[in-house]
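> Quick one: this structure, given as structure tokens, is what I'll be asking you about.
The values are calculated or read from the model by the stated rules, or taken from the named source; none is laboratory data. If you're wondering where the values come from, they're calculated on a predicted model, not measured in any experiment. Neighbour counts are summed over all protein chains in view; Cβ atoms, including those assigned to glycine, are modelled from backbone coordinates with ideal geometry. Heavy atoms of the whole protein, side chains included, go into the accessibility calculation; ligands, DNA and RNA do not. Shrake-Rupley method; radii C 1.70, N 1.55, O 1.52, S 1.80 Å.
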Amino acid sequence: MPSGNRGPRFAALFAFVVCIGASGCGFLPLSKMSFVGTEILEAAHKPAAVDSAFEGCGEAGSQPDYALNRLKNRVDEGKFLPTAWKVIARLPWPRRVGYRFRNQWTTGETREVKGFEGAAVEVEGHLAGYKLELPEPPNCYSTGARQKDYHLWLSEHANDTQRNSIVVELTPRVRVSHSGWDEDRLAALVSTQRQVRIRGWLMLDQMHPENVGRNRTTLWEVHPIMQLDWRSSRGKWISLDSLSPSSDTLRTTER
């Protein structure tokens, strides 16, 4: 392959190989970071995750990073704190944790992440897209759609791009209790660009630094999502479980 055609994927793969060979080198994505507005997250109660086995996959999932998997597999509710989209999008993280498993982090890196991670947050925005993911470690690399995560891209403004979005995720262990969280309703959220309200757990996913600036603005995620609502044309918040936003669009058109 000519070197001019290799592109960002080759660069990310090369960096990953180099990082594996050089113990603890990490990966340094470029992004805007700010401590403005983070005080409420630092002071928030951060309960230990209550995680769950699911259809033969244990609480800790599969290798390599069991500590990260346990955070992704939590199923507990929390006292969700209203948090501005921009605060999460610019929340700091240690630059060198990219591609490094949590048992490789320094004490300082762990402390810096734990200052925010595990806060129960409520954030509003618009869906810039969604995707059923490939088999992943927290779900024991299961191949069935029922055992996979949905990645959602939450942007601050309507009709924005995934590049300017925060990744928020629907996990199998939570989704099993929400029959309305299906692809038809997710597609309706994207097509109507209704404002959505996400409630879930703040978490740093250090395994995707190559995507910062490409299809996400930060490594911080809301993962898992515990509640998902959308705002109707009359300004009322409606659970996605109870009604699809496409129904609201039909009623608006008929008036």
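> Please find the FRET efficiency linking residue 48 to residue 145, where r is the Cβ-Cβ separation and R0 is fixed at 41 Å, and quote it to the nearest 0.05.
0.85
> Enumerate the calculated ³J(HN,Hα) couplings along the stretch 71-85 in order (Karplus 6.51 cos²θ - 1.76 cosθ + 1.60, θ = phi - 60°), each rounded to whole Hz, writing x wherever the residue is Gly or Pro.
The phi angles translate into 5, 5, 9, 6, 10, 8, 8, x, 8, 6, 9, x, 9, 5, 3 Hz.
> Set the Förster radius R0 to 30 Å, insert the Cβ-Cβ distance between residue 237 and residue 214 as r into 1/(1 + (r/R0)^6), and round the FRET efficiency to 0.05.
That gives a FRET efficiency of 0.40.
> I need to check one value: relative contact order of the stretch 67-171, counting alpha carbon pairs closer than 8 Å and at least 6 residues apart, in percent.
26
> Just need log10 I(q)/I(0) for the chain at q = 0.13 Å⁻¹, Debye formula, equal scatterers on the alpha-carbon atoms, no solvent, rounded to two decimals.
Values returned for q = 0.13 Å⁻¹ are -0.84.
> Taking amide H positions as placed in the peptide plane 1.01 Å from N, state which residues far from residue 84 in sequence (5 or more) or on other chains have amide H under 5 Å from it.
Amide H neighbours of residue 84: none.
> Residue 95 to residue 39: FRET efficiency via 1/(1 + (r/R0)^6), r the Cβ-Cβ distance, R0 30 Å, to the nearest 0.05?
The calculated FRET efficiency here is 0.85.
> Got a number for carbon plus sulfur as a percent of the chain's accessible area, 1.4 Å probe?
Its accessible area is 53 percent carbon and sulfur atoms.
> Can you find, among 41, 54, 78, the residue farthest towards the positive end of the dipole of the stretch 29-85? Put +1 on the C-beta of Lys and Arg, -1 on that of Asp and Glu.
Of the candidates, 41 comes out farthest on the positive side.
> Which of the trypsin sites (Lys or Arg not before Pro) found in the stretch 25-131 are in a DSSP loop and have at most 13 neighbouring Cβ atoms, other than their own, within 10 Å?
In loop regions of the stretch 25-131 (DSSP not H, G, I, E or B), the sparsely surrounded trypsin sites (Lys or Arg not before Pro) are 32, 79.
> Another one. Tell me which residues come under 5 Å, amide H to amide H, from residue 195 once H is placed; ignore anything under 5 positions away on its chain.
231
> Based solely on its DSSP helices, what 222 nm [θ] is calculated for the chain when runs of n ≥ 4 H residues each add -39,500 (n - 2.57) and the sum is averaged over all residues, nearest 500 deg cm²/dmol?
-6500 deg cm²/dmol
> Right, here's the next one. Between residue 182 and residue 131, how many nm apart are label points set 7 Å from Cα along the C-beta direction?
My value for the distance between the label points is 2.4 nm.
> Which value, in Å², gives the accessible area per residue of the chain when a 1.4 Å probe is used on the protein heavy atoms?
That works out to 48 Å² per residue.
> Going by amide H atoms built from the backbone, whose H comes under 5 Å of the H on residue 129, apart from near neighbours?
Distant-sequence amide H within range of residue 129: 153.
> Turning to a different aspect of this structure: Find how much the distance from residue 158 to residue 114 grows on full extension, using 0.36 nm per residue of separation minus their present alpha carbon separation; answer in nm with one decimal.
Gain on stretching residue 158 to residue 114: 12.7 nm.
> Tell me, what are the semi-axes, in whole angstrom and largest first, of the equivalent ellipsoid of the stretch 109-189 as set by the roots of 5 times the Cα gyration tensor eigenvalues?
For the stretch 109-189, the ellipsoid semi-axes come out as 21, 20, 12 Å.
> Could you go through the stretch 99-107 in sequence order and give the Karplus-derived ³J(HN,Hα) for each residue, using 6.51 cos²θ - 1.76 cosθ + 1.60 with θ = phi - 60°, rounded to whole Hz, and x for Gly and Pro?
The phi angles translate into 6, 9, 5, 5, 6, 9, 6, 6, 4 Hz.
> What is the gain in length, in nm to one decimal, between residue 67 and residue 55 on full extension, counting 0.36 nm per residue of separation less the C-alpha to C-alpha distance?
The span from residue 67 to residue 55 would gain 2.3 nm if fully extended.
> Calculate one ³J(HN,Hα) per residue across the stretch 113-128 by plugging θ = phi - 60° into the Karplus curve 6.51 cos²θ - 1.76 cosθ + 1.60, and present them in order as whole Hz with x for glycine and proline.
Calculated HN-Hα couplings, in order: 5, 5, x, 10, 5, x, 6, 8, 10, 10, 9, 10, x, 9, 7, 8 Hz.
> Just reorder 177, 142 by solvent-accessible area, largest first, 1.4 Å probe, all chains present.
177, 142
> Oh, and also: Of all DSSP beta bridges located in the chain, what percent are antiparallel, nearest 5?
90
> Rounded, prolate or oblate: which one fits the stretch 26-115, using the alpha carbon gyration tensor with axes a ≥ b ≥ c (rounded when a/c is under 1.5, else prolate when a/b beats b/c, else oblate)?
Oblate.
> Where a Cα-Cα gap under 24 Å defines reach, which lysines qualify for residue 148, not counting those fewer than 8 residues away within the same chain?
Straight-line reach from residue 148, under 24 Å: 72, 131.
> Also, I was wondering about something else. Can you grab the distance from the C-alpha centre of the stretch 170-214 to the C-alpha centre of the stretch 72-95, Å, no decimals?
The distance from the Cα centre of the stretch 170-214 to that of the stretch 72-95 comes to 13 Å.
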